[in-house]
1. In µm²/s, what is D for region 5-118 at 20 °C and 1.002 mPa s, where D = kT/(6 pi eta Rh) by Stokes-Einstein and Rh is the Kirkwood radius from Cα pairs?
2. Regarding the chain, what's the average projected area of the Cα-atom convex hull, expressed in nm²?
3. Quick one: of Lys160/Lys199; Lys219/Lys289; Lys256/Lys289; Lys160/Lys289; Lys52/Lys113, which pairs are farther than 18 Å apart, Cα to Cα?
4. Nearest-5 percent of antiparallel DSSP beta bridges in the chain?
5. Considering only DSSP states other than H, G, I, E and B, which GluC sites (Glu not before Pro) in region 39-91 qualify as loop sites with at most 12 other Cβ atoms within 10 Å?
6. Please list, ordered by chain and number, the residues whose modelled amide H lies under 5 Å from the amide H of Asp217; skip anything fewer than 5 residues away on the same chain.
7. Measure nothing fancy, just the Cα-based angle from helix 29-40's long axis to the longest principal axis of the chain, in degrees from 0 to 90, nearest 10.
8. Suppose we keep just the alpha-carbon trace of region 163-308; what are its Rg and Dmax in angstrom?
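Please treat every number below as a calculation from the coordinates, not as lab data. Since the model is a prediction, treat every value here as computed from it, not as a measurement. As a convention, Cβ positions derive from the backbone with ideal geometry for all residues, glycine included, and neighbour counts pool all protein chains shown.
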Amino acid sequence: MSLTFDQLIARLHNQHTRRRIAVACPHDEHTCHVIRRSLSEGIADFSLVTDKEHGHEAEEIRRQYPGQVTVHMAEDTVDAARLAVALVHKGEANVLMKGTLNTDVLLRAVLSKEQGLLPLGHVLSHVTVAQLPMYHKLLLFSDAAVVPRPRVSHFEAMLKYDLEVCNRLGIDEPQVALIHCTEKINGKFPHTLGYVILKERARKGLYGRLQIDGPMDVKTACDPHSGQVKGIDSTIAGNADLLIFPNIESSNTFYKAISLFGQACMAGMLTGTTAPVVLPSRADSDDSKYYSLVLACTMAGEQAPAAL
């Protein structure tokens, strides 16, 4: 059984060394709220990369939490993104978080060949972890934010990264559902042909310990009755831990739908990078941004940041 968000928070409370978060442009009320909550609950320390216009806000947080917060001055948002990424690249922070700046500005710094966070040959992807009132465990899914039309190589990268998250969340043998609108393989939908390749490679043990099946729809993956009615004989049906979506439209729509209508508690982060990257949407709730930090700190490992 996977851990809950509350259990992840409790685990971070008991850690010997707090992770350090580098935040680029913590200039909005919601980001500052998440920073203060994380500090007050003792789950992380922070390096705040700001500018002269907003420096007083960062300094106020530093004074309130002496020894837990450092402030770094940047010339503008581009410089702030570069400095925040550099802190993580040099090992002076364990996690990168986006504040009030455009996503493309931060991603350019993350993807820098010289001082970035994406190793050669890795695929930049995104994983979401959802805690839904009507589901019996945490539900992970990819990719709602980065890869528009995944090819087999992208699907394989998603699996690799997401399985690491599953294992860290206590899921030893993840149940993986390959999502489509039906259970039929059809050349008109090339991703279903890719799913066949993924399942063949999984049977050969290329992805480690997991159960994988599909194509299947989301309801079949998460509702036992749907699988029974359809006569689907699969360990995944009604018990999925991880959903792999065929494209960004379907995954992002699912993200927004369960957030609005399903009252889901959500956490998300970039994967494929050398350190977790929290890239919240402007419309995400404060709780979602906080849980995303909790997830990132959980994935950051035990290594303490280098001395500042």
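1. Calculated translational D: 151 µm²/s.
2. Working: hull surface 62.1 nm².
Projected area, direction-averaged: 15.5 nm².
3. Values: Lys160/Lys199 14 Å; Lys219/Lys289 27 Å; Lys256/Lys289 15 Å; Lys160/Lys289 24 Å; Lys52/Lys113 28 Å.
From Lys160/Lys199; Lys219/Lys289; Lys256/Lys289; Lys160/Lys289; Lys52/Lys113, over 18 Å: Lys219/Lys289; Lys160/Lys289; Lys52/Lys113.
4. Details: 11 of 38 bridges.
The antiparallel proportion sits near 30 percent.
5. Values: sites: Glu41, Glu53, Glu57, Glu59, Glu60, Glu75; in loops: Glu41, Glu53, Glu75.
Listed in order of number, the matching sites are Glu53, Glu75.
6. His180
7. For helix 29-40, the angle is close to 80 degrees.
8. In order Rg, Dmax, the Cα atoms of region 163-308 give 17.0, 59 Å.
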